[in-house]
Amino acid sequence: MTVHSLPLAALDEQQRRTWRGRLQAALILLVCVAPVLASYWAFYVARPAGGGAAYGSLIQPPVAMPDVVATDLRGASVPLRSLQGQWLLVVAGPAACDAACERRLFMQRQLREMLGRDRERIDKVWLITDDAMPKAELRQAMDTPPAVTMLRLPQKVLAAWLVPASGHALADHLYLVDPRGDWMMRMPASPDPAKVQHDLQRLLRASSWWDKPGRPAR
């Protein structure tokens with residue numbers, strides 16, 4: 001039996017079921033993204049008291065975290081998307097971390113602590129772009145609680161997700177990723193910690209009604 005031979009009533013019911021399915025899928029998508037969109041609106045449009053222009057560069061549209069598998073320093077596989085569910089403050093670059101890299105990692109730690117009780121909503125991540133091993137004293141510092149999540153991800157994979165400002169290298173910035181796994185902000189090279197803190201506080205305040213500490217059960 002072809003579609004053309006179906007009774008009109010049956011054809012109408014089939015079309016209604018198709019449209020209901022599409023509407024339900026659209027509503028589910030809206031429910032998933034609405035909280036994030038609302039917090040961005042509150043941050044960039046409503047601008048709560050003490051606001052003003054953001055210090056970091058807003059990424060429009062946000063760039064979804066790639067569905068790839070990274071490795072930890074022991075060589076174990078770690079799906080990158082397992083990091084979803086928390087805000088992520090990301091440093092990226094080679095294992096041979098120079099003085100500027102060490103300053104970014106130190107700033108990453110200090111910024112999280114400066115957030116007070118909201119610090120539990122943000123994780124520190126170092127994405128290492130080569131196969132070398134960071135020096136022992138740096139690894140020890142990164143493992144000091146609350147530890148930095150250190151994962152290896154090839155440069156070409158990472159470069160398709162996080163993009164530096166014109167004239168800069170990938171390693172020059174701090175990158176902010178929202179709990180959905182979307183890269184949504186890039187901090188300037190050699191940033192002012194107080195201004196970065198202000199951006200983070202405003203974003204966390206704007207998203208506090210839907211984002212809570214810890215990753216939801218999967």
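The values are calculated or read from the model by the stated rules, or taken from the named source; none is laboratory data. Small disclaimer: the values here were computed from a predicted structure and weren't measured. Every residue, glycine as well, gets a Cβ built from its backbone with ideal geometry; the counts of neighbours run over all protein chains shown.
Below are the figures for this structure:
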| read-out | value |
| --- | --- |
| Residue that is surrounded by the fewest Cβ atoms within 10 Å (Cβ to Cβ) [pool: residues in segment 75-104 that are closer than 22 Å to PRO179 by Cα and out of contact with any Leu (no Cβ under 8 Å at 6 or more places or on another chain)] | SER77 |
| Which listed residue, of LEU138, LEU151, LEU174, is in contact with a Pro (Cβ under 8 Å, 6 or more places away or on another chain), modelled with pLDDT of 95 or more and within 21 Å of ARG109 (Cα to Cα) | LEU174 |
| Condition check for ARG121: of a type outside the set (Val, Ile, Thr), within 21 Å of MET185 (Cβ to Cβ) and touching a strand residue (DSSP E or B) at 6+ places or on another chain (Cβ under 9 Å) | yes |
| Meets criteria (within 20 Å of SER190 (Cβ to Cβ), under 14 Å from the mean Cα position of the chain (by Cα) and either aliphatic (A, V, I, L, M) or modelled with pLDDT of 95 or more (or both)) for ALA92 | yes |
| Lone unmet requirement of (1) closer than 28 Å to SER207 by Cβ; (2) touching a strand residue (DSSP E or B) at 6+ places or on another chain (Cβ under 7 Å) for PHE106 | (2) |
| Exclusive hit being among the hydrophobic types (A, V, I, L, M, F, W, C) and either closer than 17 Å to ALA64 by Cβ or touching a strand residue (DSSP E or B) at 6+ places or on another chain (Cβ under 6 Å) (or both), set ALA95, ALA165 | ALA95 |
| Selection status of ARG152, surrounded by 14 or more Cβ atoms within 10 Å (Cβ to Cβ), in contact with a Leu (Cβ under 9 Å, 6 or more places away or on another chain) and not aliphatic (A, V, I, L, M) | yes |
| Which numbered condition ARG81 misses (of (1) part of a helix (DSSP H, G or I); (2) in contact with a helix residue (DSSP H, G or I) (Cβ under 9 Å, 6 or more places away or on another chain); (3) at pLDDT 95 or above; (4) farther than 18 Å from ARG186 by Cα) | (2) |
| Filtered residue count, segment 135-162, keeping only those that are under 21 Å from VAL68 (Cβ atoms) and either among the aliphatic types (A, V, I, L, M) or part of a loop (DSSP other than H, G, I, E, B) (or both) | 11 |
